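> Provided herewith is a single structure, encoded as structure tokens, for subsequent inquiry.
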Amino acid sequence: MQPAAPLPDPPSDEEISSSTFTTLGLGRPIVQAVIEKGYTTPSPIQAQCIPAVLAGRDVMAAAQTGTGKTAGFTLPMLERLRHGPHARNNVVRALVLTPTRELAAQVAENVAAYSRHLDLRSDVVFGGVKINPQMMRLRGGADVLVATPGRLMDLAQQNAVKLDRLEILVLDEADRMLDMGFIRDIQKILALLPPRRQNLLFSATFEASIKKLATGLLHNPVQLQATPENRTAATVEHLLHPCDMARKPDLLCHLIATNNWQQVLVFSRTKHGANRIADRLNQEGMAAAAIHGNKSQGARTRALAGFKSGELRVLVATDIAARGIDIHQLPHVVNLDLPNQAEDYVHRIGRTGRAGCNGHAVSLVAAEEHELLRAIERLIGNRLPREEVPGFEPKVLSAPPLDLSGGRGRGGGRSGGGGGRGRAPAGRARQR
Ligand code: AMP
């Protein structure tokens, strides 16, 4: 797979030899591709992960999206693969398993970009599209195969992939794969792999089920941590707008229009809600599309491409559909509803403020959601700053002690049990 973008001017020898990526042990063709992608300095997870993988070690990394983890495992994996005999006859040499089709497509794009100067064959397979073309392509084997677990199992059952010579296994966003019920597929896949191989496991969280999986999978792993567990990226500014449930669509339109936001990812808890809000935004003249599990793969891919290119101003997504969406420097994320799982708040805003860029995460929160809010604030260890938007002040107030009022808006300090407590330094969540 080759990226569509034309090749930029190659970097100079000096640029390549003095690059920190070279110092970490990566070879010239890979460093060249990294520089062409515009990266000059390895992110912290890359600086730790690259030497460990090059040394052949198993790795267990606590790293959420936005840390640069994809390059963290892809670059050294390619470096190792480029020296061995290349794949043929359905053989897969390195396998990256991801929970969603979108994430699989994105990881595959990264693999293609970083291997553009290498003679390695990479491919991606996921469900929701025809299996036959995938079977045909895999006849030639794959040095790197990115896959979702269900489709990979289907392909394995039809003997379209040979996994018994696998050299490297990567489980990306392993916690999400378990959440999505892929454990049985993963176990079946593991049973097809040779015992001697390198294993890399990436997960945002390390709850008991992941630790159990890791114990059976990893041998004396190097343990890495990109950001403190369950902390949100430091470059994201969080803000909470209290408002009544019924007024959320109006408030969303108002915020996008008055702030002139141009690329906004909106999270909705339900597929239906996502469709409704996308329709409403379109009626207001803001080009929007919804992505969720009921949309065909084609519609999801088109929506994502339209959003990346700027044709669509707003993308409305459910948590699962949005998993792993990677839009460079995505500035605005809006939670139309709070997620049911507090961890999903961290995943959602992981879409913004990535790799050192400033992002902005806004949550529209109704009184009915205060339990969810409490769980999120407990998890991230911060109280989200409240700010009422004039004209949208909530009429329904939640019970103390967790009132939603007390922001910097016109109604700041209004009653409702301790209103006014919530002031925080400009736009940034403060420590409790
Ligand atoms: P990831 O955590 O792998 O999803 O990557 C998050 C974002 O950071 C993506 O947009 C990457 O393209 C970008 N990125 C990865 N590595 C670097 C780097 N060394 N410097 C700057 N940006 C990077």
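The values are calculated or read from the model by the stated rules, or taken from the named source; none is laboratory data. Because the structure is predicted, anything quoted here is derived from the model rather than measured. In this analysis, Cβ positions are derived from the backbone assuming ideal geometry, glycine residues included, and neighbour counts consider all displayed protein chains.
> For region 30-48, give me each residue that is crowded, with 24+ Cβ neighbours inside 10 Å and under 18 Å from the mean Cα position of the chain (by Cα).
I45, Q46
Yes or no, residue by residue, for (1) closer than 25 Å to T67 by Cβ; (2) at pLDDT below 95:
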{"position": "A112", "(1), (2)": "yes, no"}
{"position": "M136", "(1), (2)": "no, no"}
{"position": "A142", "(1), (2)": "no, no"}
{"position": "T148", "(1), (2)": "yes, no"}
{"position": "A160", "(1), (2)": "no, no"}
{"position": "L169", "(1), (2)": "yes, no"}
{"position": "M180", "(1), (2)": "yes, yes"}
{"position": "R184", "(1), (2)": "no, yes"}
{"position": "A191", "(1), (2)": "no, no"}
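> Within region 2-17, is even one residue hydrophobic (A, V, I, L, M, F, W, C) and modelled with pLDDT of 95 or more?
no
> Quick one: is A226 over 30 Å from Q157 (Cβ atoms) and either modelled with pLDDT of 95 or more or surrounded by 14 or more Cβ atoms within 10 Å (Cβ to Cβ) (or both)? So that I can check it myself, show each step before the final result.
Numbers: over 30 Å from Q157 (Cβ atoms): yes; either modelled with pLDDT of 95 or more or surrounded by 14 or more Cβ atoms within 10 Å (Cβ to Cβ) (or both): yes.
Yes, satisfied.
> Let me ask something additional. Is it true that E14 is over 24 Å from K212 (Cβ atoms) and exposed (fewer than 15 other Cβ atoms within 10 Å of the Cβ)?
When the stated conditions are applied, E14 passes them.
> Still on this structure, I have one more. Among the residues of region 124-139, count how many are surrounded by 20 or more Cβ atoms within 10 Å (Cβ to Cβ) and either in a loop (DSSP other than H, G, I, E, B) or of a type in the set (D, E, K, R) (or both).
The number of residues fulfilling the criteria is 1.
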